[in-house]
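A short reminder: the numbers here are calculations on the coordinates, not readings from a lab. Keep in mind that this is a model prediction, so the values were computed, not measured. Heads up, the Cβs are rebuilt from the backbone with ideal geometry, glycines too, and the neighbour counts pull from every protein chain shown.
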Amino acid sequence: MGVVCAGLALLGLAAGAEGDEGGPAWLKWAMLGAAGGVLLLGAVGGRLPERGRALGLGAGLGFGVVEVAVRLIDGLSPGELFTNPAAYALVLGGGAAFLLLTSALQRGSVTTATAGPVLGETVAPALIGVVWLGDRTRPGLGRLAVLGFAVAVAGAPALSRFGEAPVEPQGGAAEEDAVAPK
C-alpha cells in the first residue's frame with residue numbers, strides 16, 4: 001500500500017498544468033467504445049475465478065473513461081451534450097465503473113478489489129493526457145513523473161495479491177472467551 005501511495009505522491013509532485021488541447025475528434029468515439037468495452041469486461045470478468053481482481057480492473061478502466069471523457073466535453077448546453085459521444089461515454093463509463101467496483105467489493109477483499117482501479121484509472125488516462133490532450137510535467141521533473149508512474153503501476157499488482165486478514169472460525173475458544181463473564 002505504501003509503495004502505491006509513494007508512487008502516486010511522486011506523480012502528483014511532478015504533475016504540471018492540465019493540457020488545454022481538445023484531442024482529436026475520434027477520441028470522443030473511442031471513449032464511448034471503451035465504455036462499452038468496460039461493460040463487456042465486467043460480463044466476462046464476473047465469471048472468472050479471480051473475479052474480484054477482474055471486476056476491480058474493469059472499474060478502474062471505467063473511471064479512466066470518465067476522467068478522459070469529462071475533458072472532451074466542450075460545452076454544457078443541451079444541444080452540445082446530446083451530440084457529443086464523450087457525454088455518453090461519461091455516463092456509461094461511470095455507471096459501469098460504479099457497478100463493477102461494487103461487484104468486486106462483494107466478491108473479493110477490499111485490497112484485491114481496489115488494486116485494479118489504481119491501474120485502470122492511472123495508466124490509460126495518463127497516456128491519453130500526455131499523447132493527445134497536451135498534459136505535461138513541471139519543468140525538469142519529467143523523470144520524477146516517470147518514476148512515480150512506474151512505482152504506482154508496479155505496486156498495484158503486488159497490492160492485489162494481499163487479501164484481508166484471516167478470519168477466525170466461528171464458535172472457537174476466542175468467541176467463548178469474549179462472551180463468558182469474568
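Averaging sequence separations of C-alpha pairs under 8 Å and six or more residues apart, then dividing by the length of the chain, give the relative contact order as a whole percent.
37
Express in whole angstrom the spacing between the alpha-carbon centres of the range 120-135 and the range 17-56.
13
Based only on other Cβ atoms within 10 Å, what is the fewest-to-most ordering of R51, R71?
R51, R71
So how tilted is helix 123-132 from the main axis of the chain? Cα-based, degrees 0 to 90, rounded to 10.
Around 10 degrees separate the two axes.
Taking Cα extents along the principal axes in Å as the quantity of interest, determine which of (i) 72, 40, 27; (ii) 69, 40, 30; (iii) 80, 41, 23 was computed from the displayed structure.
Correct label is (ii).
For T137, enumerate residues with amide H under 5 Å from its amide H, sequence gap 5+ or separate chain, H modeled in the peptide plane.
G16
Quick one: net charge of T137's neighbours, Cβ under 13 Å, K/R +1, D/E -1?
Around T137, the charge tally is +1.
What is the helix-to-structure angle for 51-71, meaning the angle in degrees between its Cα long axis and the longest Cα principal axis of the chain, kept from 0 to 90 and rounded to the nearest 10?
So the helix axis and the longest Cα principal axis differ by about 30 degrees.
Give me the angle, in degrees from 0 to 90, between the Cα long axis of helix 25-45 and the longest principal axis of the Cα atoms of the chain, rounded to the nearest 10.
The angle comes out at about 20 degrees.
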